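Reading through the structure tokens given below for one structure.
The values are calculated or read from the model by the stated rules, or taken from the named source; none is laboratory data. Note that the coordinates shown come from a computational prediction; the quantities given were computed from them, not determined experimentally. Note: ideal-geometry Cβ built from the backbone for every residue, glycine included; neighbour counts use all protein chains shown.
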Amino acid sequence: MTSAFFYAVSSWQDKDTVILKKLSLATLVGIPCGLLLVRFASEEWISFLLGILLVAYSIFSLTGSRARQVALQKKFAHPHASYPFGFAAGMLGSAYNMNGIPVVLYAAGRDWTPKQYSSNVQAHFFVSSALVILSHIIGGFYTTSLAILYLASIPAVLLAILIGNQLYARIPMDNIKRYIFYLIFLLGLLNLIKIF
């Protein structure tokens, strides 16, 4: 949430407010479902399903033709296409602190400029993270030691923001999307590996 706050404040003019409202509304609906997952669902099954989804989606995106990418961008251009991704962000965020993955998947399917991509993704990260943190506080999941660890992490977060900005400014958008799908693929594999 801290890094997303800095990005959200610095690039406010590039945001798509209609999309952000829809993503945030769907995220709010998904949060209670994620809290139920934590209480009642098997973490191994959730990791397995998430791993399969991430690996399949990343392979689909990396091996797709340009025509398929354009067709996907047209589908994702409709504002209502953001609802399932926002819901998944709320659910996975409140359950496993993985609210970023669904929004990154959605944003990678949009025909946004690098500034639009970054500002919209980070703005939603900030909103969804704030909602998830609030739900965890209400649910009694936060402790004093966690607050201390958060404060201790801020210098590393600020350094990562500086390095990330330098790297992001030097990489073309098409390459960024490809790197994101590589990372999503690796994250999916890690989810599958950790259950064995």
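Mind checking whether some residue in the stretch 16-30 is β-branched (Val, Ile, Thr), crowded, with 18+ Cβ neighbours inside 10 Å and in contact (Cβ under 8 Å) with a residue 40 or more places away in the chain?
Just the residues of the stretch 16-30 that are β-branched (Val, Ile, Thr), to begin with: 17-19, 27, 29.
From the residues that got through so far, the ones that are crowded, with 18+ Cβ neighbours inside 10 Å too are 19, 27.
Now narrow it down to the ones that are in contact (Cβ under 8 Å) with a residue 40 or more places away in the chain: 19, 27.
Yes, the stretch 16-30 has at least one match.
Surrounded by fewer than 20 Cβ atoms within 10 Å (Cβ to Cβ), modelled with pLDDT under 90, β-branched (Val, Ile, Thr) and farther than 21 Å from Phe185 by Cα: does that describe Val38? Quick ask: steps written out before the conclusion?
Numbers: surrounded by fewer than 20 Cβ atoms within 10 Å (Cβ to Cβ): yes; modelled with pLDDT under 90: yes; β-branched (Val, Ile, Thr): yes; farther than 21 Å from Phe185 by Cα: yes.
Taking the combined requirement at face value, the residue satisfies it.
Criterion first (touching a residue at least 12 places away in the same chain (Cβ under 8 Å), touching a Phe, Trp or Tyr at 6+ places or on another chain (Cβ under 8 Å), among the aromatic types (Phe, Trp, Tyr) and surrounded by 15 or more Cβ atoms within 10 Å (Cβ to Cβ)) does Phe126 satisfy it?
Values: touching a residue at least 12 places away in the same chain (Cβ under 8 Å): yes; touching a Phe, Trp or Tyr at 6+ places or on another chain (Cβ under 8 Å): yes; among the aromatic types (Phe, Trp, Tyr): yes; surrounded by 15 or more Cβ atoms within 10 Å (Cβ to Cβ): yes.
It is true that Phe126 is touching a residue at least 12 places away in the same chain (Cβ under 8 Å), touching a Phe, Trp or Tyr at 6+ places or on another chain (Cβ under 8 Å), among the aromatic types (Phe, Trp, Tyr) and surrounded by 15 or more Cβ atoms within 10 Å (Cβ to Cβ).
Show me the helices (runs of 4 or more DSSP H) entirely contained within the stretch 74-165 in which 3 or more residues are under 13 Å from Met1 (Cβ atoms). Step through it out loud before you land on a result.
On the way: elements: 83-96, 100-108, 114-139.
It comes to 114-139.
Across the stretch 163-188, what is the total count of residues that are at pLDDT 85 or above and either over 17 Å from the mean Cα position of the chain (by Cα) or among the small types (Gly, Ala, Ser) (or both)?
Looking only at that region, the number is 2.
Please verify whether Tyr117 is modelled with pLDDT of 85 or more, within 25 Å of Asn191 (Cβ to Cβ) and surrounded by 14 or more Cβ atoms within 10 Å (Cβ to Cβ), treating the condition exactly as stated.
Values: modelled with pLDDT of 85 or more: no; within 25 Å of Asn191 (Cβ to Cβ): yes; surrounded by 14 or more Cβ atoms within 10 Å (Cβ to Cβ): yes.
For Tyr117, the condition - modelled with pLDDT of 85 or more, within 25 Å of Asn191 (Cβ to Cβ) and surrounded by 14 or more Cβ atoms within 10 Å (Cβ to Cβ) - is not met.
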